[in-house]
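> One structure is given below, represented as structure tokens, and several questions about it will come after.
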Amino acid sequence: MAACALRMPHMALLDVDMPDGNGYQACTNIRALPGGLNVPIVMVTGLDDPTSIDRAYEAGATDFVIKPINWALLGHRIRYVLRGARTIDALRLSEQKNAALLKAIPDGLFLVNANGHVGHCFNPVAGFIEASAPDGARFIELLPKTAQGRAMECLDTTLRGTPAAFEFSLDAEARAVRHFECRYLPNATGQVLTIVRDITQRKETEAHIHRLAYFDALTGLPNREWIGEYLSRSLAYASAHHGSVALLYVDLDQFKRINDTLGHDTGDALLRQVAGRLRDALAHSSVADDPSVPVEGVGGATERLRGQLARVGGDEFIVVLSGKLGPQHAEQAAERILSALAAPFLQGGYELVVTPSIGIAVFPDHGTDAQSLLKNADGAMYEAKASGRNQFRVYNNTLNARALKRLSLEMELRRAFENSQLQVYYQPKYDTRSLNVVGAEALLRWFHAERGQISTADFIAVAEETGLIGEIGRWTLRQVCRDLSEWRGQGLILPSIAVNVSGREFMRPDILVRTSEAVERARLSPSLFELELTEGVLMQDAEAGRRSLLALKEFGFALAVDDFGTGYCSLNYLKRFPLDTLKIDRSFVADIGADADDAAIVRAIIALGHNLNLKIVAEGVETAAQLQFLRTEGCDTVQGFLMSPAVPAPAFVELLRTASARAEPARTAGPKRTGGLLAG
């Protein structure tokens, strides 16, 4: 006993008869020692009666050897006992590993027989079976009723040798719904190994991914992918049941202006408000559906009118109407949307007005597939914008032809710009009294290889809508700088050149950097440039516009308001803006000889400008009578076809040479100047 306590042997041979005690007690004591439970113990005795043998095994003996000992056999007996002990140790270690593994995995493991009864529960699973299932219980009865039929089908399939699986959910009052997957695997014993796994987290992740893929994170509305699939299902159902589908394409007018001036945080908050009003407009019309509920049969048994709303872009929304749909329903829905957005929005201390332009296309009249309806509704929406915004238009074939023409113009404009096919022309500006050239306005011209000259108004409008106007504007300024540098190299007196600045470019916070960079690179004085902006551009955000004007003015640029009188410029802001020039719009000049109102307006503009120390330029002068009227009223500068149309750079250079030649005698005769050229 002392030896075993110090070091447990690989095996112990005990004689039953001992001087101090007996082998039975020694065996019992060894088994009680640490590590002694599994050591092989062989009892040796001369007693071979059943009582002695039973007593030895009850004391914990591994084997029993009767005297006299057969020493030849004893060696084999000991090797057998040792091999058996090692096998038992290996089995015990394997069971420990398996037990640890079963505890580590989250799955429940069961053996289910052909009758569906649980033969053994290896590992319960939390939320399904908290403790071991009782042997003999029917596995199917542990499942919710909705899953029992599928469970029996899968069990039958697996008993025939094919693995099967199904999913089920458990809804407990005290906790959230748990989702499980059950897999049946064939077993060589004729039973089925059943693995139950908690897949709640996977289901929640899948739902989250689905929401990210199919729903807009900002507004919670379905996105373009979701509404596209819904539209396709709606069209398939309508085609099979001779129904109708209407698509409303809603675009918020000039929403980018809000993002540019007030920031994207304000814009995002405003979009959420817009989405809420659109939801309410559909809800109150009894056509709204819950987009989180899958729609198998879109029309439904009752064929009621259905409406689905989605956000498909930054400021773009789509409404799909289906069911019992008449021609009037789409227009009524558009009217409700216009009414819903009519009231101002309060956001961040601002009262903001957001108006929609809506295009409508109806299946089957305006398209038989999703792509056609989307394209045609989009075309109708652009027609609504072109007609003044804040209204709706229903698609027709004329719109399609117009949309195709516009798309063609857009693509050709991009190619023309990329291939340097645009040209800068210069329309001379003249001193009203002397008719000396005092400058020019830089104007873009596009001569198409097949269609000839494209209307500047047309392609500039397309450039504004597509965002290409910024690049075109910067290119124009660089080209003017190149021309001025070339004329300077020829020794000409450089004129002042007016360059139009788009609203999109002016509202950028880096307008000064972008504009001054080109001028500085050409080593030209900014005083040679007059930047022209319309009233509408300046009043988009009057305070921000004033700050931009001050920065440009401080750098040295001259500033002009183009088309004055056609916008809504506040006289208070006009006084505060650091302007140099007002340009009278050609629409007023055209009828000053025949329309007393236009004549009065022109007189008032000239008087107002001079009182504010501003120069006045009249554009569109085409008759001598108009020129005489403007001279009489004190207009400073004129431009128009009466004097000269816009001409390419070489022709304008000749005008400059002629003006320089006339100015030379005046310069040599004395300090009095009769020419109107501005020195560079």
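The values are calculated or read from the model by the stated rules, or taken from the named source; none is laboratory data. Predicted model, so just to flag it, every value in this text is computed and none were measured. Every residue, glycine among them, receives a Cβ derived from its backbone with ideal geometry; neighbour counts consider all protein chains shown.
> How about the stretch 180-223: which of its residues are of a type in the set (A, V, I, L, M, F, W, C), assigned to a loop (DSSP other than H, G, I, E, B) and within 30 Å of Asp315 (Cβ to Cβ)?
Selection gives Ala217, Leu218, Leu221.
> Sticking with this structure for a sec: Hey, could you check the stretch 621-642 for residues that are of a type in the set (S, T, N, Q) and touching a residue at least 24 places away in the same chain (Cβ under 8 Å) and say which is surrounded by the fewest Cβ atoms within 10 Å (Cβ to Cβ)?
Residue satisfying both the conditions and the ranking: Thr623.
> Pull out all pairs, ordered by first then second residue, where Cβ-Cβ is under 9 Å, the residues are six or more apart or on different chains, the first lies in the stretch 243-272 and is under 13 Å from Ala544 (Cβ atoms), and the second is of a type in the set (A, V, I, L, M, F, W, C) and in a loop (DSSP other than H, G, I, E, B).
Final answer for the pair search is Arg257/Met507; Ile258/Val354; Asp260/Met507; Thr261/Met507.
> OK, next. What residue, of Arg197, Arg202, is among the basic types (Lys, Arg) and buried (at least 17 other Cβ atoms within 10 Å of the Cβ)?
Step by step, each of Arg197, Arg202 is checked, and only Arg197 is among the basic types (Lys, Arg) and buried (at least 17 other Cβ atoms within 10 Å of the Cβ).
> Given the conditions (1) free of Cβ contacts under 8 Å to residues at least 40 places away in the same chain; (2) under 27 Å from Glu654 (Cβ atoms), and given that Gly439 satisfies all but one, which numbered condition is not satisfied?
In the conditions (1) free of Cβ contacts under 8 Å to residues at least 40 places away in the same chain; (2) under 27 Å from Glu654 (Cβ atoms), Gly439 misses (1) alone.
> Further question: State which residue is farthest from Thr456 (Cα to Cα) when the search covers only the stretch 476-535 and only residues that are of a type in the set (A, V, I, L, M) and touching a Lys or Arg at 6+ places or on another chain (Cβ under 9 Å).
So the first thing to find is which residues in the stretch 476-535 are of a type in the set (A, V, I, L, M), and the list is 477, 480, 484, 492-494, 497-499, 501, 507, 511-513, 518-519, 522, 524, 528, 531, 533.
Now drop any that are not touching a Lys or Arg at 6+ places or on another chain (Cβ under 9 Å), which leaves 477, 492, 494, 498, 507, 518, 522, 524.
Values: Leu477: 17, Leu492: 29, Leu494: 26, Ala498: 17, Met507: 22, Ala518: 24, Ala522: 27, Leu524: 28 Å.
Restricting to residues being of a type in the set (A, V, I, L, M) and touching a Lys or Arg at 6+ places or on another chain (Cβ under 9 Å), the top hit is Leu492.
> Say we look at the stretch 524-560 and pick out the residues that are buried (at least 17 other Cβ atoms within 10 Å of the Cβ) and touching a Cys at 6+ places or on another chain (Cβ under 7 Å); which of these is modelled with the highest pLDDT?
Checked the stretch 524-560; the qualifying residue modelled with the highest pLDDT is Leu524.
> Do any strands (runs of 3 or more DSSP E) lying entirely in the stretch 1-112 carry at least 2 residues that are within 60 Å of the chain's Cα centre (by Cα) and either exposed (fewer than 11 other Cβ atoms within 10 Å of the Cβ) or modelled with pLDDT of 80 or more (or both), and which ones are they?
Of the strands (runs of 3 or more DSSP E) lying wholly inside the stretch 1-112, those with at least 2 residues that are within 60 Å of the chain's Cα centre (by Cα) and either exposed (fewer than 11 other Cβ atoms within 10 Å of the Cβ) or modelled with pLDDT of 80 or more (or both) span 108-112.
> Could you go through the stretch 649-659 and let me know if any residue there is under 19 Å from Leu494 (Cα atoms), at pLDDT below 95, assigned by TED's automatic domain parsing to the domain that holds Asn436 and among the charged types (D, E, K, R).
Within the stretch 649-659, one or more residues are under 19 Å from Leu494 (Cα atoms), at pLDDT below 95, assigned by TED's automatic domain parsing to the domain that holds Asn436 and among the charged types (D, E, K, R).
> Pull out all pairs, ordered by first then second residue, where Cβ-Cβ is under 7 Å, the residues are six or more apart or on different chains, the first lies in the stretch 454-479 and is under 18 Å from Met507 (Cα atoms) and among the charged types (D, E, K, R), and the second is outside any helix (DSSP H, G or I) and modelled with pLDDT of 85 or more.
Glu464/Ser502
> Sticking with this one: Give me the strands (runs of 3 or more DSSP E) completely within the stretch 265-363, filtered to those with at least 2 residues that are at pLDDT 90 or above, surrounded by 13 or more Cβ atoms within 10 Å (Cβ to Cβ) and of a type in the set (Val, Ile, Thr), ordered by residue number.
Output list reads 316-323, 356-363.
> How many residues does the stretch 525-563 hold that are under 39 Å from the mean Cα position of the chain (by Cα), part of a helix (DSSP H, G or I) and touching a residue at least 60 places away in the same chain (Cβ under 8 Å)?
Within the stretch 525-563, residues that are under 39 Å from the mean Cα position of the chain (by Cα), part of a helix (DSSP H, G or I) and touching a residue at least 60 places away in the same chain (Cβ under 8 Å) number 2.
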